[in-house]
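The values are calculated or read from the model by the stated rules, or taken from the named source; none is laboratory data. Nothing here was measured: the structure is a model prediction, and the numbers come from that model. Neighbour counts are summed over all protein chains in view; Cβ atoms, including those assigned to glycine, are modelled from backbone coordinates with ideal geometry.
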Protein chains: 6
Amino acid sequence: MRPSKRANDELRTVTLERAVARYAEGSCLVTFGQTKVLCTASLEERGPPWLRGSGKGWVTAEYSMLPRATHERTRREVNSGKPSGRTQEIQRLIGRSLRAVTNLPAIGERQITVDCDVIQADGGTRTAAITGAWIALHDCFTWMRGRSIISVDPLREHVAAISCGIYKGTPVLDLEYAEDSAAETDANFVMTGSGGLVEVQGTAEGKPFSEAELIELLRLARGGVEQLVSLQKQAIA
Amino acid sequence: MRPSKRANDELRTVTLERAVARYAEGSCLVTFGQTKVLCTASLEERGPPWLRGSGKGWVTAEYSMLPRATHERTRREVNSGKPSGRTQEIQRLIGRSLRAVTNLPAIGERQITVDCDVIQADGGTRTAAITGAWIALHDCFTWMRGRSIISVDPLREHVAAISCGIYKGTPVLDLEYAEDSAAETDANFVMTGSGGLVEVQGTAEGKPFSEAELIELLRLARGGVEQLVSLQKQAIA
Amino acid sequence: MRPSKRANDELRTVTLERAVARYAEGSCLVTFGQTKVLCTASLEERGPPWLRGSGKGWVTAEYSMLPRATHERTRREVNSGKPSGRTQEIQRLIGRSLRAVTNLPAIGERQITVDCDVIQADGGTRTAAITGAWIALHDCFTWMRGRSIISVDPLREHVAAISCGIYKGTPVLDLEYAEDSAAETDANFVMTGSGGLVEVQGTAEGKPFSEAELIELLRLARGGVEQLVSLQKQAIA
Amino acid sequence: MRPSKRANDELRTVTLERAVARYAEGSCLVTFGQTKVLCTASLEERGPPWLRGSGKGWVTAEYSMLPRATHERTRREVNSGKPSGRTQEIQRLIGRSLRAVTNLPAIGERQITVDCDVIQADGGTRTAAITGAWIALHDCFTWMRGRSIISVDPLREHVAAISCGIYKGTPVLDLEYAEDSAAETDANFVMTGSGGLVEVQGTAEGKPFSEAELIELLRLARGGVEQLVSLQKQAIA
Amino acid sequence: MRPSKRANDELRTVTLERAVARYAEGSCLVTFGQTKVLCTASLEERGPPWLRGSGKGWVTAEYSMLPRATHERTRREVNSGKPSGRTQEIQRLIGRSLRAVTNLPAIGERQITVDCDVIQADGGTRTAAITGAWIALHDCFTWMRGRSIISVDPLREHVAAISCGIYKGTPVLDLEYAEDSAAETDANFVMTGSGGLVEVQGTAEGKPFSEAELIELLRLARGGVEQLVSLQKQAIA
Amino acid sequence: MRPSKRANDELRTVTLERAVARYAEGSCLVTFGQTKVLCTASLEERGPPWLRGSGKGWVTAEYSMLPRATHERTRREVNSGKPSGRTQEIQRLIGRSLRAVTNLPAIGERQITVDCDVIQADGGTRTAAITGAWIALHDCFTWMRGRSIISVDPLREHVAAISCGIYKGTPVLDLEYAEDSAAETDANFVMTGSGGLVEVQGTAEGKPFSEAELIELLRLARGGVEQLVSLQKQAIA
């Protein structure tokens, strides 16, 4: 039995609230149960120097947690001179996921930065961030089209992400913190609206996992991402 | 005429929402018009080494802005190795203001860290932060008393803060960003519930100001802080 | 046809040379074709403070590249104050992989640091590093047993790693640099001698990949790791 | 009674020695009693990039203390990667104070950097620095006019600064270290030769202060700055 | 008697292996007994900005040690934000030594970076590095001439280096670690093929040394460098 | 002919002024012509952790230049996170030189830090610093003996330093900046009062130098140091 009494293939309650940041070109407050991430998409006046002359744009992401997003207060990374390895890994993952469904030349030589700031953390912050970031990016592109900065929608399709894991020997979907910290295997899946895999990451925290278990985790993830994409569609309808 | 059509001595709409962070011992989302600051108070298991044997506690504050709290996206400070001078100046100001009304020995040898994270910035973020931080600290002390960690309330009285400035030659209260960036003089006042001055900071951005102007700014601030303290009292009632 | 004319499921020539570093407790120079990694295992007199009283040991890894390991010279990371995100990600992966097959309490409260320094890089440096690091760690434990520092072998089984990818639409094993930089999908698999999965990482660099492709990559990896484990067995025989 | 037996409105002995640095375009060694600050003004061949095309110049300041300027040796800031928050706050204050009396377009697109290095510290270093920096800047402008780099004097008027505080319940002028470290309220005032206020900073170190006390501190400061400006006039005569 | 039983004026076995790095324009693995240094020379597509328009090229060097090159593991410098003072001192010494025998205008406006990475350290790493770096640089210039990037050989003559010291009261040549750590005086000499002195560094670790001792150290060094230059000549023959 | 018209073996005017810093246990303002260095010796309440239990003390040095000590303003090192390689090299040299004449066990388990801050730089700052630092250290030990912190003088003898160089083909003593920047060879010598060599550093900036030239530089240095030691004796008389 899961701590939350959810079924093994059951998502937490997911909400996607748009236009929550007054100044951003696109924004979304995404919640997966008690996990809350504020995603803002910012059109940058000028992108990195290497974009010039390339004929295409770029989408990048940054990720951070408020210090008291967590059960115990976490120290700010500002004093250590660089984001931690974990933070960098997550922000590269979010950026890659968004670029996998974006037609970069359609943006022109501009950069969109999607900031994902975790307001409250109860497991699955990176997958919630990807799911919400897609909405913020979508709304940023709508804003740009409304001002004729771009003429066609650079988004080719949806992208969303979910975590799975093996908890007390059983594969389960969408781990909250209590499950995540006790899981034997922890996996994250990023998939597109049409079912393509963008990223698969599975890690044995304790004993190694089998190929059969990997395939079961993938099946659970597929079901979860289908629901997330459906919620994204409702949100932007 | 002010951009917002407010009277010269009129505050923006101020709200103080308590218990907004699930894990923090005390928290408050404070808004001054479009300015929004999330304040959380965290009881730290162990304070800095120099507290040991001192017989008293400590209250400190940290301050940060989300990158897209601002009209244009602001770069995160994480890559520069240290908070900027402005950030450090603000967090020291918040800490001093809270300690000015706290009976430190009553906390015991513990540290409370109040994090003030600006979700949206439209001027006056440091004064909003002080006003909301007092609520978060108050609720943290209530939580500690509820668990018998401390026996008496360490808060001696209220503290709140407000900005004033000389805008187009006229002293006005509670500047929003559009006024703040055009003001000739910019001032911040931190006062206690009983009317004592904790901090006065006045800076001529353009031409110097006179003693009469300083006194008028002080008069406006006093009226503003009185209203803020009254709102704090309602919030904790 | 692959640039090297190898079959799709064919490894490059792999060699594992032991005892190459005079002062290290265990060492291995591993080559996967033109990729060369020097792995040394160092018994640290005292581990991190959190080990004390835990009753168990720790295995950690560090990873770096010589500046001219690469086709074009790469700048040293020493000037940037911290290893890059990529470096940190790789060294965490190596450490996790080794710990997955190590009985930590059998080490006692000591730390082994395995340094993996890339002398020459032609793709697959992280998987070569894991494969060679296991040998270095094995020899370090043998050295410790020879001096009665530990009484039983802390290694539970072998661990090795290999990269796969989809190159020109076809899944292939053990990508060299020319393939890796052109692959549509890039994946790394870490597996134990008994066939358990320790880590699966698959990333679509261009278009998303399908579940069928993931399973084919996994099948290739399984064959590759079996050969690597067999080479490890010969090396330590 | 003050430790130095000075009257409440009595400055320490103040000296302003010009041309003390052989290579600087302007320089001044300022002493307020035992506090000694070496101020040098340097004309920079080229200013920051944002000056280009602006049609105006810039005056900035840097501040530092020699390690044994203080009673106990202070660690150098060089190892911490950035000036401390206190240092940054002081150097911004000095810069703002000088710019408040400078006609920036009259400098042309050049930058003057005024370095204020504390040789010995006995309280009031920032106010001594501002008072001496004005002389160094004045002499730098004279040097520039002598070489026809500029044609009119960019200085509009004098600027000087003084600290005040409430010591044992009594407002006093120009605190030395022994008073400063024991004062209940600490304030700094920057004023122009014509009596305008450039900066007012008052902080309650212990109990809050009243409006009447603030006004008395301001009165003391006004008397002090008048004497300092008079000494500046003698120095440049 | 020396620990290695060598005569006082006897070098360790020295080897110079060329073309050991597949991608570098020139490379050399140099060994002085158990000390092993990998030297690679890289032609940089573009040098530092100050080269432009100078009409000449530049040769620079970087130096580092693998963590387990040493008897005890040494921490990597990557976490400290800058090479240590010792590392910087050594890399400046190597660069100066190479430039002393290079005709910089003959390189054109290009930079050659010679990386000296210590694989194993048993004393004398900086002198071995200089001796091997000359070979790598020589081969880089040969490579450039082969591609008609330059037309004449920029190398004017050989350069090599050796350490000497006073060990148990006796001047000896080419100290290994066991001698170096116990020597009363430690000296390094860099000389050209024609016998000119490029650098002399002598340091009393314990009691001061006399002029007569300095001259004896110099005599030993001259003999050692003559042998090293002779080995360089054989290596490139 | 030298720019200053000095004879080849002639020092600049050297002065050693004691007790120039009010709070330091020992201090000396040393001038070599226009070069001015303020040296302060600070008894540190507690030394580095590794001193504990060692039964001996430590003498260390720090070195810095004021930004406008130089002809052109030099940027402060505070923003770069670490002293430059040059600064570290100099401060290690000063520390070694002082320790070479100090009986460390006679200090007890304490640290003396000698700060050498260059007020004005006209060549030879490191040698002036060593010469003045000896006075500051001497006076610090006198202070300690006066308070019975130590019972015997830890200084075994004098130490002083001087630069020499080959300027326009001629060996000369005590180079000022104009000579130093044009010299073909630059050398620094640190010697004790009894004539022992503590440190010899000679560098060919352009063409290599000969053994005969090295010996002539040494002869000049010996004469210079003898005069400096004589001035030190007068200063402390």
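Could you tell me whether any residue of the range E:94-110 is without any contact (Cβ under 8 Å) to a residue 60 or more places away in the chain, assigned to a loop (DSSP other than H, G, I, E, B) and out of contact with any Asp or Glu (no Cβ under 9 Å at 6 or more places or on another chain)? Before you say what the answer is, go through the steps one by one.
Of the range E:94-110, the ones without any contact (Cβ under 8 Å) to a residue 60 or more places away in the chain are E:94-95, E:99, E:102-108.
From what is left, the residues that are assigned to a loop (DSSP other than H, G, I, E, B) are E:103, E:108.
Then keep just the ones that are out of contact with any Asp or Glu (no Cβ under 9 Å at 6 or more places or on another chain); that gives E:108.
Scanning the range E:94-110 turns up at least one residue that is without any contact (Cβ under 8 Å) to a residue 60 or more places away in the chain, assigned to a loop (DSSP other than H, G, I, E, B) and out of contact with any Asp or Glu (no Cβ under 9 Å at 6 or more places or on another chain).
In this structure, is E:Ile112 closer than 25 Å to E:Gln34 by Cβ and in contact with a strand residue (DSSP E or B) (Cβ under 6 Å, 6 or more places away or on another chain)? Let's see the steps before the verdict.
Values: closer than 25 Å to E:Gln34 by Cβ: no; in contact with a strand residue (DSSP E or B) (Cβ under 6 Å, 6 or more places away or on another chain): yes.
So E:Ile112 fails the test.
Can you confirm whether the range B:51-65 contains a residue that is among the β-branched types (Val, Ile, Thr), surrounded by fewer than 23 Cβ atoms within 10 Å (Cβ to Cβ) and in contact (Cβ under 8 Å) with a residue 12 or more places away in the chain?
There is at least one residue in the range B:51-65 that is among the β-branched types (Val, Ile, Thr), surrounded by fewer than 23 Cβ atoms within 10 Å (Cβ to Cβ) and in contact (Cβ under 8 Å) with a residue 12 or more places away in the chain.
For the range D:33-41, the condition holds for no residue, the condition being that it is more than 17 Å from the chain's Cα centre (by Cα), surrounded by fewer than 18 Cβ atoms within 10 Å (Cβ to Cβ) and more than 14 Å from chain B (Cβ to nearest Cβ). Filtered by the rule that a residue be surrounded by fewer than 22 Cβ atoms within 10 Å (Cβ to Cβ) and touching a residue at least 40 places away in the same chain (Cβ under 8 Å), the range D:221-233 gives D:Gly223, D:Gln227, D:Val229, D:Leu231, D:Lys233.
Once the range D:18-32 is narrowed to residues that are crowded, with 22+ Cβ neighbours inside 10 Å and aliphatic (A, V, I, L, M), the residue that is farthest from the other protein chains (Cβ to nearest Cβ) is D:Val30. Residues that are within 7 Å of chain B (Cβ to nearest Cβ) and in contact with a Pro (Cβ under 7 Å, 6 or more places away or on another chain) were ranked within the range D:196-213; the one that is surrounded by the most Cβ atoms within 10 Å (Cβ to Cβ) is D:Val198. I need the full set of residues from the range A:120-131 which are crowded, with 23+ Cβ neighbours inside 10 Å and at the interface with chain B (Cβ under 10 Å from one of its Cβ atoms), in order please. A:Asp122, the sole residue that qualifies.
May I ask you to say which residue of B:Glu184, B:Glu216 is modelled with pLDDT of 95 or more, over 25 Å from D:Gly206 (Cα atoms) and within 13 Å of chain D (Cβ to nearest Cβ)? Outline the logic, then answer.
Working: B:Glu184 fails: modelled with pLDDT of 95 or more.
After applying the criteria, what remains is B:Glu216.
Hey, does the range A:75-87 have a residue that's buried (at least 21 other Cβ atoms within 10 Å of the Cβ) and modelled with pLDDT of 95 or more? No, the range A:75-87 contains no residue that is buried (at least 21 other Cβ atoms within 10 Å of the Cβ) and modelled with pLDDT of 95 or more. Within the bounds of the range B:125-137, is there any residue that is more than 11 Å from the chain's Cα centre (by Cα) and farther than 19 Å from B:Ile236 by Cβ? No, every residue in the range B:125-137 fails to be more than 11 Å from the chain's Cα centre (by Cα) and farther than 19 Å from B:Ile236 by Cβ. For the subset of the range A:26-61 comprising residues that are polar (S, T, N, Q) and in contact with a helix residue (DSSP H, G or I) (Cβ under 7 Å, 6 or more places away or on another chain), which member is nearest to A:Asn103 (Cα to Cα)? Going through the qualifying residues, I end up with A:Thr60. Here A:Glu226 meets the list (1) under 28 Å from A:Val20 (Cα atoms); (2) touching a helix residue (DSSP H, G or I) at 6+ places or on another chain (Cβ under 7 Å) almost entirely, failing just condition (2). Taken together, the residues in the range F:33-56 that are of a type outside the set (S, T, N, Q) and closer than 17 Å to D:Ala21 by Cβ amount to 4. Residues of the range F:13-59 that are polar (S, T, N, Q) and farther than 20 Å from D:Ala121 by Cβ: F:Thr13, F:Thr15, F:Thr31, F:Gln34, F:Thr35, F:Ser54.
Going through the range C:139-166 one residue at a time, which ones are away from chain E (no Cβ under 14 Å) and either closer than 14 Å to C:Tyr63 by Cα or surrounded by 21 or more Cβ atoms within 10 Å (Cβ to Cβ) (or both)? Let's see the steps before the verdict.
We begin by selecting, within the range C:139-166, every residue away from chain E (no Cβ under 14 Å); these are C:141-142, C:144-166.
Correct list: C:Phe141, C:Met144, C:Pro154, C:His158, C:Val159, C:Ala160, C:Ala161, C:Ile162, C:Ser163, C:Cys164, C:Gly165, C:Ile166.
In the range A:71-97, of all residues being among the aliphatic types (A, V, I, L, M) and under 25 Å from A:Glu176 (Cβ atoms), the one that is farthest from the other protein chains (Cβ to nearest Cβ) corresponds to A:Ile94.
On the basis of being at the interface with another protein chain (Cβ under 8 Å from one of its Cβ atoms), closer than 29 Å to C:Phe209 by Cβ and in a helix (DSSP H, G or I), does A:Arg68 make the cut? For A:Arg68, the condition - at the interface with another protein chain (Cβ under 8 Å from one of its Cβ atoms), closer than 29 Å to C:Phe209 by Cβ and in a helix (DSSP H, G or I) - is not met. Quick check on D:Ala136: is it surrounded by fewer than 21 Cβ atoms within 10 Å (Cβ to Cβ) and out of contact with any helix residue (DSSP H, G or I) (no Cβ under 8 Å at 6 or more places or on another chain)? Here the answer is no, as D:Ala136 does not meet what is asked.
Within the range B:45-63, being more than 19 Å from A:Glu72 (Cβ to Cβ) and in a loop (DSSP other than H, G, I, E, B) holds for B:Arg52, B:Gly53, B:Ser54, B:Gly55, B:Lys56. Which one is farthest from the other protein chains (Cβ to nearest Cβ), of the residues in the range E:98-109 that are more than 14 Å from the chain's Cα centre (by Cα) and buried (at least 19 other Cβ atoms within 10 Å of the Cβ)? Restricting to residues being more than 14 Å from the chain's Cα centre (by Cα) and buried (at least 19 other Cβ atoms within 10 Å of the Cβ), the top hit is E:Ile107.
Screening F:Val172 against (1) away from chain E (no Cβ under 13 Å); (2) closer than 20 Å to E:Leu197 by Cβ; (3) modelled with pLDDT under 95 leaves a single unmet condition, (3). Are any residues in the range A:1-20 modelled with pLDDT under 95 and not in a loop (DSSP other than H, G, I, E, B), and if so, which ones? Once the filter is applied, which keeps residues that are modelled with pLDDT under 95 and not in a loop (DSSP other than H, G, I, E, B), the range A:1-20 yields nothing. Of all residues assigned to the range F:200-215, at least one qualifies as being without any contact (Cβ under 8 Å) to a residue 12 or more places away in the chain and hydrophobic (A, V, I, L, M, F, W, C). The set of residues in the range C:42-65 that are hydroxyl-bearing (Ser, Thr, Tyr) and at the interface with another protein chain (Cβ under 9 Å from one of its Cβ atoms) comprises C:Ser42, C:Ser64.
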